[in-house]
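The values are calculated or read from the model by the stated rules, or taken from the named source; none is laboratory data. Note that this is a predicted model, so its numbers are computed, not measured. Counting neighbours? That spans all protein chains shown, and the Cβs are built from the backbone with ideal geometry, glycine included. We work out accessible area using only protein heavy atoms, side chains counted, and drop any ligands, DNA or RNA first. Shrake-Rupley method; radii C 1.70, N 1.55, O 1.52, S 1.80 Å.
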Amino acid sequence: MSLSRHPANLILRSFLLIVSLVVIGQWGWQQRAGSSEWIRYALALGLPLLFFAVWTVFKDKDADEGDQPNRFSIPVSGGVRLALELLLFGAAVWAANANGTVTLGLALFLSVLLHYFWSADRISKLLNH
């Protein structure tokens with residue numbers, strides 16, 4: 001079994017996704033656009049939903065068994081999929097720092113590095129397709 005499909009790495013990946021969505025939602029909640037409270041709600045709920053939709057819909061066309069595109073997904077190249085993942089994780093690290101939780105941002109950054117270190121075979125496969 002490759003490290004990228006190891007249960008510990010899959011759990012880390014899921015954890016990173018959930019924490020990233022929460023941090024991005026928290027950033028949205030902290031934004032104040034004048035007296036419009038509905039914008040806070042829209043950002044706090046809408047941004048995580050948008051990121052999750054992109055994560056779910058755009059799948060690598062040559063994905064492994066567990067990540068196979070289905071009728072609700074749009075197949076993309078491996079490089080595009082990797083770029084979308086990095087966009088989500090990068091946005092979460094940025095949002096954590098913007099929220100004033102620098103330690104969380106650093107922990108997220110290091111966890112993403114660890115995940116991609118363990119996923120070197122997956123990254124190579126994504127970039128070669």
Longest principal axis of the chain (C-alpha) makes with the long axis of helix 7-30 (C-alpha) an angle, in degrees to the nearest 10, of 20
Once fully extended, how much extra length lies between SER124 and LEU106, figured as 0.36 nm per residue of separation less the alpha-carbon to alpha-carbon distance? 4.0 nm
C-alpha long axis of helix 37-57 to longest principal axis of the chain, angle in °: 0
Residue span ARG32 to THR56: 0.36 nm per residue of separation minus Cα-Cα distance leaves a gain in nm of 5.8 nm
Once ALA8 and SER73 are pulled to full extension, the length gained, defined as 0.36 nm per residue separation minus their Cα-Cα distance, is 20.8 nm
Of all the stretches in the chain, which is the longest one without any exposed loop site, taking trypsin sites (Lys or Arg not before Pro) in a DSSP loop (any state but H, G, I, E, B) with at most 12 other Cβ atoms within 10 Å? 72-129
Using a 7 Å offset from the Cα along the Cα-to-Cβ direction at both ALA42 and LEU113, what is the distance between the two label points in nm, to one decimal? 3.8
Would you check the accessible area of ILE123, probe 1.4 Å, heavy atoms only, in square angstrom rounded to 10? 40
Report, largest value first, the span of the C-alpha coordinates of the stretch 50-129 along each principal axis, in whole Å. 40, 27, 18
